[in-house]
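Each reported figure results from applying straightforward, stated rules to the coordinates on display, with no laboratory input. None of these values were measured; they are calculated from a predicted model. Quick reminder, even Gly has a Cβ in these numbers, built from the backbone with ideal geometry, and neighbours come from all protein chains shown.
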Amino acid sequence: MARDEVNTRETKAKTPKPKKTQTAPNTPSTSANRASSPVTIDIENEETSELSTLGNERMEGQKAAKKKRADNRSMGKIVHMQKELVQISRERLETMKSALQDASDEAILSKDLDSMSGQKRRYYERKLQLIFDREDALEKKQKEEEEKKKIEIEKAKDNNLEDEAGIEFE
C-alpha cells in the first residue's frame, strides 16, 4: 500500500500539470488528522514540477548527496592537478630561460676582442660588462642569503639555550 502511494506520487511529479492544484485529504478535517497527514501541493513550474509539502522543498537524498560530494572532491583534485601543472610549466620556462641566457653569455664570452674593429669591439665590451655585473649581483645576493641563514641559525640556537636554561637574554 505504501509502495502504491510512492508510485502515484512519482507519476504525479513526472507528469506535467496544466495548472496549480491543491489536494486535501479525503477524510473529514480534524485537528488530529491535520497533524498526521499534511496537505500536499503540486506546483507546476515552467521547467519541472516539484512536490512540496507544507511549502518546504524536498531534502536532498543520500545518493544525490554522495554524488555531489564525489563531484566536489573530483573538482578539487582537478584544480589541484592544474595548479601543479602550472607550477611545473613555470619551472620549466625558468629553466629554459636560464639555459638560453647561459648559451647567449657563452657565445659572447667566447668572442676574441683583439681581432675586432672599434665599433664591434665596444659592443661586445658592453655585453661583457653586463654579464660580469649580473654575475657579481648574483654572487652578492647569494652571500646575503647565506648570512641571513647564519643569523637565523644563531637566533634559533640562542632561543634553544634560553629555553633549556629557563633564562631570557635580551
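Values computed for the structure shown
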{"quantity": "Above-threshold pairs, the threshold being 26 Å between Cα atoms, out of Lys97/Lys141; Lys127/Lys150; Lys77/Lys149; Lys83/Lys127", "calculated": "Lys127/Lys150; Lys77/Lys149; Lys83/Lys127"}
{"quantity": "Local electrostatic count at Glu84 - Lys and Arg +1, Asp and Glu -1, tallied over other residues with Cβ under 14 Å", "calculated": "+3"}
